[in-house]
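None of the figures in this text is laboratory data; all of them are computed from the coordinates on show. Since the model is a prediction, treat every value here as computed from it, not as a measurement. Note: ideal-geometry Cβ built from the backbone for every residue, glycine included; neighbour counts use all protein chains shown.
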Amino acid sequence: MVSIDKFTLNEMARLLVALLKKEEFIHPNKIGHLQYFVNQKGEELDKEILHDLLKIAIENKKFHSEAFFRTIIVQILLYHKDFVLSDAAFTDQVMSIYTGKCPKCGHEHPTENLAYFGLICDKNLKDKLRSKVLNILSSKFDPDLYYIATIYELITYNSHLDYFINYIKPMPKMAGPSLLGAREEAHNYCLNQLIHIAYRFEINLGDIKFDKFKGCSDYYDWLLDMKNFDYKKFQAKWISEYPTKPYFDKMKEVRQIKESVQLALKERYNRLLAGYYFNNLI
Ligand SMILES: [Zn+2]
């Protein structure tokens, strides 16, 4: 991208915003370019411009690609931490677009965008979004909405934890030791999310309601009870399956994990595994 000073960049962006407000038809390719531009220059753009782009992303149905709306939010969170949205009418529009069938384009957009949006809203609007999200979850449970709203603390995990547990299907039990690699074994997307929430919010995985997930695979048995796991069945590569802080914090508490990974690295050095080990486990 051509290097231009911040003042000129914002002047040009203002002209672009004025044009976009008037322009009804925008080719999808252009939206991709605009998204790239926001991603690259979000730090230098004035927050008023990002605010205008956020409005365009909602008001013009051609922009209803979830990625564009979320791209702007990410840039605001990264570089404009003092940005707090307090526009109730705009929030109503956002809520109508991300709940059920969109009144502007007729499609159903991912409801978890409500939770991302909550990250840049003031307390009143957050309360409003929270009620909306809780209503959606109670009337038609949406696992992605529950996960994102919980992780970003718009709602508390216990509001719909049982809904989420009921929603997730346990995997068929595997006969004998797994011949699959960790990648294939760790494929239960929602169960991964549930375990992430449990680690993050210190939920007791020994509770009877998690029993239905036990005994299906060595990998999940390990995640569900690291302390009492039979480490003869442990595979060092499991530590790199879901490399997030709550996971590593749990692993750090268990001596056998460190020892097993050390041993695996001695037998066969692996740069990726070594990186995770040295950066997160010791
Ligand atoms: Zn739409």
Query raised in the report: Non-local amide H neighbours of residue 121 (under 5 Å, H modeled in plane, Pro and chain starts lacking H): which ones?
Result: 85
Report summary line: In a Gaussian network model of the chain with springs linking alpha carbons closer than 10 Å, the residue among 27, 187, 109 that fluctuates most is 27
Query raised in the report: What is the fewest-to-most order of 159, 96 by other Cβ atoms lying within 10 Å of their Cβ?
Result: 96, 159
Query raised in the report: P(r) of the stretch 6-161 in 10 Å steps, Cα pairs, percent per bin?
Result: 10, 40, 35, 13, 2
Report summary line: Here FRET efficiency (C-beta to C-beta, residue 249 to residue 153, R₀ 22 Å, nearest 0.05) is 0.80
Report task. Determine the gain in length on full extension of the stretch residue 190-residue 7; use 0.36 nm per residue of separation and subtract their C-alpha separation, reporting nm with one decimal. Result -> 61.3 nm
Query - Relative contact order %, the chain, counting alpha carbon pairs below 8 Å whose residues are six or more apart - result: 10
Query raised in the report: Can you pull the semi-axes for the stretch 168-280, root of five times each eigenvalue of the Cα gyration tensor, sorted largest first, whole Å?
Result: 22, 17, 13
Query raised in the report: Which chymotrypsin sites (Phe, Trp or Tyr not before Pro) from the stretch 187-282 combine a DSSP loop assignment with at most 10 other Cβ atoms within 10 Å?
Result: 269
Report summary line: Reduced to Cα centres, the span from the stretch 215-236 to the stretch 76-120 in Å works out to 40
Report summary line: In order over the stretch 225-239: 3J(HN,Hα) from phi, Karplus 6.51/-1.76/1.60, θ = phi - 60°, whole Hz, x for each Gly or Pro, gives 7, 5, 6, 9, 5, 7, 6, 5, 8, 6, 10, 4, 5, 4, 5
Query raised in the report: Of 103, 143, 172, which is the most mobile in a GNM of the chain whose springs link Cα atoms less than 10 angstrom apart?
Result: 172
Report summary line: Within the stretch 1-87, DSSP-loop GluC sites (Glu not before Pro) with at most 10 other C-beta atoms within 10 Å are 24, 43
Report summary line: Nearest 10, in degrees from 0 to 90: the angle of helix 66-79 to the longest Cα principal axis of the chain is 90
Requested in this report: Using packing as a proxy for protection, rank 110-122, 73-85 so that the peptide with the highest average count of other Cβ atoms within 10 Å comes first.
Outcome: 110-122, 73-85
Query - Whole-percent pair-distance distribution, where bins are 5 Å wide, for the alpha carbons of the chain - result: 1, 5, 11, 12, 14, 12, 11, 11, 10, 7, 4, 2, 0, 0
**Report entry** FRET efficiency estimate (nearest 0.05) - Cβ-Cβ, residue 138 to residue 272, R0 30 angstrom
**Finding:** 0.10
Query - Residue order, fewest to most beta carbons within 10 Å, for 19, 281 - result: 19, 281
Report summary line: Computed for the chain: size of charge dipole around the Cα centre, +1 on C-beta of each Lys and Arg, -1 on C-beta of each Asp and Glu, debye to nearest 20, value 480
Query raised in the report: So, in nm, how far is label residue 162 from label residue 36 when the simple model puts each one 7 Å beyond its Cα toward the Cβ?
Result: 5.1
Query raised in the report: the stretch 214-282: which trypsin sites (Lys or Arg not before Pro) are DSSP loop and have at most 12 other beta-carbon atoms within 10 angstrom?
Result: 227, 268
Query raised in the report: Does anyone have the angle between helix 255-267 and the longest principal axis of the chain? Alpha-carbon axes, 0 to 90°, nearest 10?
Result: 90
Query raised in the report: Among 134, 194, 265, which one moves the most in a GNM of the chain with springs linking Cα atoms closer than 10 Å?
Result: 265
